[in-house]
Amino acid sequence: MKVFFVDTNILVDLAIAREPFDEDAKQLFRSALQEKVRLLTTPIALSTTLYWLQKGRPADAQLAEKARRLIRFFVRVVELAAVSKEHFIASADSGFLDLEDGTQYAAAAAYAKLDALVTRDPDDFKPFVSEPVVDARGAIKLLAKA
């Protein structure tokens, strides 16, 4: 089964129904639910997704419940690669210009052999990784070829 690292922006697309990207994100996560692909991210991405969900909105019980449902969904569908001091060091020693992306990549690559990185920010990754870098639609196409 293919293993895809899922960047924060793809999680956010699904979490806040960010158009027009949310439909492709839904299809990708549906594929994971159907066990057609293993999706992998980091706690950094999950935390940032929760921030985006609640950003600029007053805390209330309804929003908190939505966040709880999202957490439960993501931890059921997406594997979380732990981030350690070594991953931050690897990022600092890499060529990554976005060190948060570098840290997440280091953690994900240490966790599993990746078949692709799924992001809407390909330029943050492409110069520094050997795996294909695709958006959610590209990931779905990769799965269709498998």
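A short reminder: the numbers here are calculations on the coordinates, not readings from a lab. Source: prediction; values computed, not measured. Here the Cβ is made from the backbone with ideal geometry for all residues, glycine too, and neighbour counts use every protein chain on show.
Treat every Asp and Glu Cβ in the range 75-146 as -1 and every Lys and Arg Cβ as +1, leave all other atoms uncharged, and give the resulting dipole magnitude about the Cα centre to the nearest 20 debye.
Its charge dipole is roughly 420 debye.
Based on the Cβ-Cβ distance from Ala64 to Ala112, what FRET efficiency comes out when R0 is 35 Å, to the nearest 0.05?
E between Ala64 and Ala112, to the nearest 0.05, is 0.65.
Taking the dipole about the Cα centre of the range 2-145, with the C-beta of Lys and Arg at +1 and of Asp and Glu at -1, give me whichever of Leu117, Val3, Thr103 is farthest to the positive side.
Highest projection toward the positive end goes to Val3.
Which three semi-axes in whole Å describe the equivalent ellipsoid of the chain, each the square root of 5 times a Cα gyration tensor eigenvalue, listed largest first?
On the way: eigenvalues 108, 74, 38 Å².
Semi-axes, largest first: 23, 19, 14 Å.
Anything over 27 Å Cα to Cα? Flag those among Lys26/Lys85; Lys85/Lys113; Lys26/Lys126; Lys66/Lys113, in the order listed.
Pairs exceeding the cut-off: Lys26/Lys85; Lys66/Lys113.
Going by average Cβ density within 10 Å per residue, which order do the peptides 39-45, 130-136 take, highest to lowest?
39-45, 130-136
Using the basic label-point model (7 angstrom from Cα toward the beta carbon), what is the Ala17 to Lys36 distance in nanometres?
A separation of 2.3 nm, rounded to one decimal place.
Taking loop as defined by DSSP and a crowding limit of 11 other beta carbons within 10 Å, which trypsin sites (Lys or Arg not before Pro) in the range 1-97 fit?
Those that pass, being in a loop and sparsely packed, are Lys55.
Where in the range 50-76 is the amide nitrogen less than 19 Å from a point lying 7 Å along the Cα-to-Cβ axis of Glu100?
Answer for the range 50-76: 50-57, 71.
Under 11 Å from the Cβ of Thr42, count the other residues' Cβ atoms, weight Lys and Arg +1, Asp and Glu -1, and hand me the total.
Cβ neighbours under 11 Å give a net charge of -4.
For Ala112, what charge total do you get from the other residues with a beta carbon under 13 Å from its beta carbon, if Lys and Arg give +1 and Asp and Glu give -1?
Values: positive: Lys2, Arg38, Lys113; negative: Glu79, Asp115, Glu131.
Surrounding charge for Ala112 is 0.
Applying the Karplus parametrisation 6.51 cos²θ - 1.76 cosθ + 1.60 with θ = phi - 60° to the phi angles of the range 135-144, what ³J(HN,Hα) value in whole Hz is obtained for each residue in order, glycine and proline being reported as x?
8, 4, 4, x, 5, 4, 5, 4, 5, 5
Could you give the dipole magnitude of the range 1-65 about its Cα centre, charging the beta-carbon of Lys and Arg +1 and that of Asp and Glu -1, in debye to the nearest 20? Let's see the in-between values first.
Working: 8 positive and 9 negative charges, 42 e Å.
Taking the Cα centre of the range 1-65 as origin, the dipole is about 200 debye.
Need one number for the range 1-71: average projected area of the convex hull over its C-alpha atoms, nm².
That works out to 4.9 nm², a quarter of the Cα hull's surface.
To the nearest 20 debye, what charge dipole does the range 1-109 have about its Cα centre, counting +1 at the Cβ of each Lys and Arg and -1 at the Cβ of each Asp and Glu?
Approximately 520 debye in magnitude.
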